[in-house]
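Read the structure below first, then the notes.
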Amino acid sequence: MAKVLYLDDDVCIGCETCTRICPKVFHMVSEHKAGIRDPQGDSIEKIEEAMDQCPVACITWDDE
């Protein structure tokens, strides 16, 4: 099964941590919510760093 990047926008607090770590992958869609711009925009290691640094753990891998 392929991994699919998922960001739970109901949980996201808009701290911008993910956008600072992976700006090609994540972007701010509003003042208080991040979104996924390009799920393949950076290395898996950088994306997982953003996951690990997210204070509310709203970024995950989902199985397709």
Quiz prompt | Among residues of the stretch 1-11, those that are exposed (fewer than 15 other Cβ atoms within 10 Å of the Cβ) and either part of a helix (DSSP H, G or I) or not acidic (Asp, Glu) (or both), counted | solution = 6
Quiz prompt | Neighbours by Cβ (under 7 Å, 6+ apart or cross-chain): first from the stretch 11-24, among the aliphatic types (A, V, I, L, M); second assigned to a loop (DSSP other than H, G, I, E, B) and at pLDDT below 95 | solution = ILE13/HIS32
Practice problem: Please verify whether the stretch 21-42 includes one or more residues that are in contact with a helix residue (DSSP H, G or I) (Cβ under 8 Å, 6 or more places away or on another chain) and either at pLDDT below 95 or part of a helix (DSSP H, G or I) (or both). | Solution: yes
Practice problem: May I ask you to verify whether LYS46 is modelled with pLDDT of 95 or more and among the basic types (Lys, Arg)? | Solution: yes
Quiz item: If you go through the stretch 26-62, how many residues are over 11 Å from CYS12 (Cβ atoms), without any contact (Cβ under 8 Å) to a residue 24 or more places away in the chain and in contact with an Asp or Glu (Cβ under 8 Å, 6 or more places away or on another chain)?
Solution: 0
Quiz item: Looking at GLY14, is it assigned to a loop (DSSP other than H, G, I, E, B) and at positive phi?
Solution: yes
Quiz prompt | Which listed residue, of CYS15, CYS58, CYS22, CYS54, is surrounded by 12 or more Cβ atoms within 10 Å (Cβ to Cβ), of a type in the set (A, V, I, L, M, F, W, C) and touching a Lys or Arg at 6+ places or on another chain (Cβ under 9 Å) | solution = CYS22
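Taking the condition exposed (fewer than 14 other Cβ atoms within 10 Å of the Cβ) and charged (D, E, K, R), does GLU49 pass?
Working: exposed (fewer than 14 other Cβ atoms within 10 Å of the Cβ): no; charged (D, E, K, R): yes.
Criteria not met by GLU49.
The values are calculated or read from the model by the stated rules, or taken from the named source; none is laboratory data. Here the structure is a predicted model, which is why all the values come from computation and not from measurement. Every residue, glycine among them, receives a Cβ derived from its backbone with ideal geometry; neighbour counts consider all protein chains shown.
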